[in-house]
Amino acid sequence: MAVPKKRTSKSRKRIRRNVWKGKANLTAIKAFSLAESISTGHSKSFYCTTNNEPSGSSKSTLINELNDS
């Protein structure tokens with residue numbers, strides 16, 4: 001197993017942690033943006049089908065489709 005020869009400095013640790021957190025933050029922003037576009041119906045990459053049930057419910061079945069797969 002490879003072992004580092006010298007101790008990693010505090011500044012290098014901070015840089016690596018900030019890069020890691022920055023990537024996570026960017027992913028969270030993209031996920032929120034996609035969820036927002038799906039909820040408003042402006043999404044171009046996902047589509048939602050509606051059930052025409054006799055009960056009059058016209059809710060999206062996206063959650064059911066995701067759970068089935």
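The values are calculated or read from the model by the stated rules, or taken from the named source; none is laboratory data. The structure presented is a predicted model; accordingly, all values stated were derived computationally and were not measured. Counting neighbours? That spans all protein chains shown, and the Cβs are built from the backbone with ideal geometry, glycine included. Please note that ligands, DNA and RNA were not included when accessible areas were found on the heavy atoms of the full protein model with its side chains. Shrake-Rupley method; radii C 1.70, N 1.55, O 1.52, S 1.80 Å.
Below is a table of values for the structure above.
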{"quantity": "Pairs, first more than 19 Å from Ser43 (Cα to Cα) in the range 6-32, second at pLDDT 95 or above and not in a helix (DSSP H, G or I), C-beta under 7 Å, six or more apart", "calculated": "none"}
{"quantity": "Residue check for Thr50: open to solvent by less than 100 Å² (accessible area, probe 1.4 Å) and modelled with pLDDT under 85", "calculated": "yes"}
{"quantity": "For Lys21: the one exception among (1) loosely packed, with under 10 Cβ neighbours inside 10 Å; (2) part of a helix (DSSP H, G or I); (3) modelled with pLDDT of 60 or more", "calculated": "(1)"}
{"quantity": "Single match in Arg7, Arg14 (criterion: assigned to a loop (DSSP other than H, G, I, E, B), charged (D, E, K, R), more than 14 Å from the chain's Cα centre (by Cα) and modelled with pLDDT of 65 or more)", "calculated": "Arg7"}
